[in-house]
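Visitor: Quick one: structure below, then a few questions.
The values are calculated or read from the model by the stated rules, or taken from the named source; none is laboratory data. All values reported here derive from a predicted model rather than from experimental measurement. Here the Cβ is made from the backbone with ideal geometry for all residues, glycine too, and neighbour counts use every protein chain on show. Protein only, heavy atoms only, side chains kept; ligands, DNA and RNA dropped before computing areas. Shrake-Rupley method; radii C 1.70, N 1.55, O 1.52, S 1.80 Å.
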Amino acid sequence: MHKSIRNDLYRYTGKEDLKTLISTFWKSPGFRFTFFFRLSQLTTKRSIYRIILKIFYRRYFFRYGIQLPLSVKVGGGLMLPHFGGIVVNSKAKIGNNCNILQGVTIGNAKRGKLKGAPTIGNCVYIGPNALIIGNITIGDNVLIAGNSYVNFDVPSNSIVIGNPGNIISNENATKGYIENIVISAFVPR
């Protein structure tokens, strides 16, 4: 099992064995999507396996409403506990041990000083229906509360609440929200 899949599995269950992989694959739509996302990214472009994996990836892409393009660089330990309405720009970067909940948009700005896509750090919890827009940087250990609108840089160890978002400094921002942290997580190329 590839390290990225093992990291994702550990985030969901706290275990990395084959029995847990099979059980989680059948029980968790978010993990199932992530499994095919990772495998599709890992296979070579001319491989027959890539074609088969991409068919499954595309199926779950539409079935679960998770638009996470294969070009997105995602660190190990990605968790999608609830599916539906998740949209991530193809140029976004997501760090290790991140949770993305339903209704989240991680999008780019088409013009202005924030033109581009977000870079999200490690151990970031993005609550339901949050919007993260533009060429901004979200630091490590950040909790973005549900329905927040973020179009500004967020320092590490912070909580963002509201629309427009307000930053509250907090050393334990994701405590209780990010569980089963993978210490030596997969780092994307």
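Visitor: When the label point is put 7 Å from the Cα of I181 along its Cα-to-beta-carbon vector, which residues of segment 50-85 have a backbone N closer than 20 Å?
Guide: Only 74-81 fall inside the zone, counting backbone N under 20 Å.
Visitor: Can you tell me which of T20, T174, T105 moves the most in a GNM of the chain? Springs connect C-alpha atoms under 10 Å apart.
Guide: Comparing T20, T174, T105 in the GNM, the peak value goes to T20.
Visitor: Assigning unit charges at the beta carbon (Lys, Arg +1; Asp, Glu -1) and nothing else, what dipole magnitude in debye, to the nearest 20, does the chain show about its Cα centre?
Guide: Dipole of the chain, to the nearest 20 debye: 1060 debye.
Visitor: Still on this model: Which three numbers, in whole Å and largest first, are the semi-axes of the equivalent ellipsoid of segment 90-137 derived from its Cα gyration tensor as √(5λ)?
Guide: Equivalent-ellipsoid dimensions as semi-axes: 19, 12, 7 Å.
Visitor: Order 23-34, 55-66, 87-98 from most to least packed using the mean count of other Cβ atoms within 10 Å.
Guide: So the peptides 23-34, 55-66, 87-98, ranked by packing, come out 87-98, 23-34, 55-66.
Visitor: Beyond 26 Å, what share of the Cα-Cα pairs of segment 56-189 is found? Please give it as a whole percent.
Guide: Across segment 56-189, Cα pairs with separations above 26 Å total 14 percent.
Visitor: Name the residue farthest towards the positive end of the dipole of the chain from the options A145, S47, G95, assuming +1 on Cβ of Lys and Arg, -1 on Cβ of Asp and Glu, about the Cα centre.
Guide: The residue sitting farthest along the positive end of the dipole is S47.
Visitor: I'd like to check one number: the per residue accessible area of segment 1-107, probe 1.4 Å, reported in Å² as a whole number.
Guide: Using a 1.4 Å probe on heavy atoms only, each residue of segment 1-107 averages 48 Å².
Visitor: What nm distance separates the two modelled labels at K3 and I168, each placed 7 Å from Cα along Cα→Cβ?
Guide: In this crude label model, K3 to I168 measures out at 3.7 nm.
Visitor: Tell me, what is the 1.4 Å probe accessible area of K175, in Å² to the nearest 10?
Guide: 150
Visitor: Give me P(r) over segment 1-51, computed from all C-alpha to C-alpha distances, binned every 10 Å, as integer percentages.
Guide: In whole percents, the pair-distance histogram is 26, 52, 20, 2.
Visitor: Given the convex hull of the Cα atoms of segment 108-171, what is a quarter of its surface area in nm²?
Guide: If you wrap the Cα atoms of segment 108-171 in a convex hull and average its projections, you get 3.7 nm².
Visitor: With a Cα-only, solvent-free Debye model of segment 56-126, what are the log10 I(q)/I(0) values at q = 0.19 Å⁻¹?
Guide: -0.76
Visitor: Note the per residue figure in Å³ for the convex hull of the C-alpha positions in segment 138-189.
Guide: Measuring per residue, one finds 102 Å³ for the Cα hull of segment 138-189.
Visitor: Continuing with the same structure: Calculated from DSSP H runs of 4 or more alone, at -39500 (n - 2.57) each and per residue, what is the 222 nm mean residue ellipticity of the chain, nearest 500?
Guide: Counting only the DSSP helices, I get -8500 deg cm²/dmol.
Visitor: Using the basic label-point model (7 angstrom from Cα toward the beta carbon), what is the R58 to K45 distance in nanometres?
Guide: Placing both labels 7 Å beyond Cα along the Cβ direction yields 1.7 nm.
Visitor: Kirkwood Rh and Cα-based Rg: tell me the resulting Rg over Rh for segment 1-131, rounded to two decimals.
Guide: Rounded to two decimals, Rg over Rh is 0.96.
Visitor: Quick one: compute the contact order of the chain, relative version, from alpha carbon pairs under 8 angstrom and 6+ residues apart, as a percent.
Guide: 17
Visitor: Next question, about the same structure. Enumerate the lysines that K27 could reach by cross-link, defined here as Cα to Cα under 17 Å, with residues fewer than 8 away along the same chain left out.
Guide: By straight Cα distance, K27 reaches K15, K19.
Visitor: Order of 154-160, 117-123, 45-51 by packing, highest average Cβ count within 10 Å first?
Guide: 117-123, 154-160, 45-51
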